[in-house]
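> If you scroll down you'll find the structure; I have some questions about it.
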Amino acid sequence: TLNADVRIIAATHRDLETRITEGSFRQDLYYRLHVFPLETLPLRAVRTDIPLIIEALGQRFMHEGRPVAKLTEAAIAALAVLPWPGNVRELGNMIERLGILHPAQPVDVPQLPEKLRSQLPADWLPPAPATPMFALCEIPAEPLLALEPAPRPAPLPAPVAGQVLDEADVDPREMFAAGLLAPPAARDLAAAWHLPTDVLALEHCVCQLPESGFDLKALLEAIEQAWIEHALTQHQGVVAQAARQLGVRRTTLVEKLRKYQIQARADEADVTA
């Protein structure tokens, strides 16, 4: 005689009680299995959870090193009204597919597969964007002509014998607590040039450039710097969380913190403390 201690988990999408009435499922087997029933709702019955599920799937894919698309609010709203007969597995496959087709790129409703868009209700309308999708950005010449190159950060001190300079040398949380993470002067360029701060609005911005030209590198650095500081503020200075939201490696974000002289300010904070 062989003794066994097992637990049986049986799952089905069928209505077994109806099947018993129809005579297509054994009643005695049903009651053998029906010890502790758990009923889960289909995805279409919990549509308000779909944006949270999409966010969780994106974070999981990013943690696993897989590409993730940046879904707009309209795209997420469209996915939330679809029937999803395959439930979370079908939704997860779609999020993974969009990441492969549009890695780290914005995905709006037109970029969704035709098969999904054809299932949208005829009266469905995307939510109104928080900021205009298209903006006319007039860049004045004066701030551009008066722009001076941002000073380079001071060279890092020579390491002590046996010391390794790594991410631990930069702790934005301490700088936030001390109020030392002040935006450099270059960050105000975007505001001076009346550029939109929303990513989609900036992408679709139709800019009127000055005839004298301008420093594109300085503008891009100002935008990058502003978004890095925004992410750090949102995550209370936790580098790993900010890097995950920005879609970059933690080491890359640490190097950019040094590039924008945050390292020098951290050193000053250590000295004054």
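The values are calculated or read from the model by the stated rules, or taken from the named source; none is laboratory data. The shown structure was predicted, so the numbers you read here are calculated from the model rather than taken from an experiment. Note that each Cβ is placed from the backbone with ideal geometry, even for glycine, and that neighbours are counted across all protein chains shown.
> Hey, Gln59 hits all of (1) under 34 Å from the mean Cα position of the chain (by Cα); (2) over 21 Å from Arg244 (Cβ atoms) but one; which does it fall short on?
It fails just one condition, (2).
> Okay, next question. Which residues, taken from the stretch 17-45, are under 28 Å from Gly92 (Cα atoms), in contact (Cβ under 8 Å) with a residue 12 or more places away in the chain and not in a loop (DSSP other than H, G, I, E, B)?
Residues satisfying the conditions are Leu43, Arg44.
> Among (1) touching a helix residue (DSSP H, G or I) at 6+ places or on another chain (Cβ under 8 Å); (2) loosely packed, with under 14 Cβ neighbours inside 10 Å, which single condition is Gly23 missing?
The single condition Gly23 does not satisfy is (1).
> Is there a residue being aromatic (Phe, Trp, Tyr) and in the same structural domain as Leu101 (by TED's automatic domain parsing) anywhere in the stretch 49-62?
Yes, that holds for at least one residue.
> Exactly one condition in (1) of a type in the set (A, V, I, L, M, F, W, C); (2) outside the structural domain of Leu112 (by TED's automatic domain parsing); (3) under 30 Å from Arg244 (Cβ atoms) is false for Leu16; which is it?
(3)
> Are there helices (runs of 4 or more DSSP H) fully within the stretch 52-130 with at least 1 residues that are surrounded by fewer than 14 Cβ atoms within 10 Å (Cβ to Cβ) and among the β-branched types (Val, Ile, Thr)? List them.
Of the helices (runs of 4 or more DSSP H) lying wholly inside the stretch 52-130, those with at least 1 residues that are surrounded by fewer than 14 Cβ atoms within 10 Å (Cβ to Cβ) and among the β-branched types (Val, Ile, Thr) span 87-101.
> Sticking with this one: Do we have Thr48 as among the β-branched types (Val, Ile, Thr), assigned to a helix (DSSP H, G or I) and either surrounded by 10 or more Cβ atoms within 10 Å (Cβ to Cβ) or in contact with a Leu (Cβ under 9 Å, 6 or more places away or on another chain) (or both) here?
No, not satisfied.
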